[in-house]
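For reference, the structure discussed in these notes is given below.
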Amino acid sequence: MIASGVPIIAWRLWHVRRHEDAYRLESFTWHHVSWPARTRFEAECSTHGAAAPVRGHECGIYAFRTRELAEDLLRRYTGVRQHYGRTRQELPPLRQGCPIAIGRVSLWGRVLARENGFRAQYAYPYELFLIGGQDDLAGQLRRLYAVDVWPS
Ligand SMILES: [Zn+2]
C-alpha cells in the first residue's frame, strides 16, 4: 500500500458518452461503466467486492503516473503507430462523436503501485482535457462533475 490520507494525483483516460440526458465520463476499458458525479467512484471486484484493489489481482481503479503514459495508451487505442526512432508529438484524430477525456484524477483509500501507475480504491476526476466533442461539452461536464474541464 502506498498512501493513506493525502490523495495521489495521477493521469487516466475516459470515454465521454451520453447517458440518458447527460454526457458522463465512462471507464476507458470497461464499457458502460460511468463515473458518478459529485461523489467518489469506488472500485469493485467480482471476486473481492469492495475489498478491491487486492494485491496479486487486477482489480481497482487504474491510473498512470504521467500524462505521457496516458497519451501512449490513447495512441495504441486509436491505432496510430509510432515512427521508428521517435515518438509522435501530436495526438491522433478521433472518430466524430466519440470524444475522449484525458486528465488528472485523485486517488485515495487503498492505493497499490503497479507498472507505470496505480490501482486505487476510490477516485474522482481532478482536471479534464477534452479531445474531440462539441464546443459546449466542456461546460456540461464542468457543471456535472464540478471540476475544471478544458475544451480541445
Ligand atoms: Zn479482485
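PRO53 - would you say it is surrounded by 12 or more Cβ atoms within 10 Å (Cβ to Cβ), at pLDDT below 95 and not in a strand (DSSP E or B)?
No; evaluated as a whole, the condition is false for this residue.
Among the residues of the stretch 15-39, write down those that are open to solvent by 30 Å² or more (accessible area, probe 1.4 Å), of a type in the set (D, E, K, R) and in a strand (DSSP E or B).
Hits for the stretch 15-39 are ARG17, ARG18, ARG24.
Has the stretch 71-88 got at least one residue that is at pLDDT below 95, open to solvent by less than 100 Å² (accessible area, probe 1.4 Å) and basic (Lys, Arg)?
yes
Select from the stretch 27-61 the residues that are touching a Phe, Trp or Tyr at 6+ places or on another chain (Cβ under 8 Å) and within 20 Å of PRO99 (Cβ to Cβ) and write down the one among them that is farthest from the ligand (Cβ to nearest atom).
ALA37
Of all residues in the stretch 123-139, which are outside any strand (DSSP E or B) and of a type in the set (Asp, Glu)?
Within the stretch 123-139, ASP135, ASP136 qualify.
The values are calculated or read from the model by the stated rules, or taken from the named source; none is laboratory data. This one's a predicted model, so the numbers in the text were calculated from it and none came from an experiment. Because the Cβ atoms are built from the backbone with ideal geometry, glycine has one as well, and the counts that use them run over all protein chains shown. Each accessible area value is taken on the protein alone, full model and side chains, heavy atoms only, with ligands, DNA and RNA left out. Shrake-Rupley method; radii C 1.70, N 1.55, O 1.52, S 1.80 Å.
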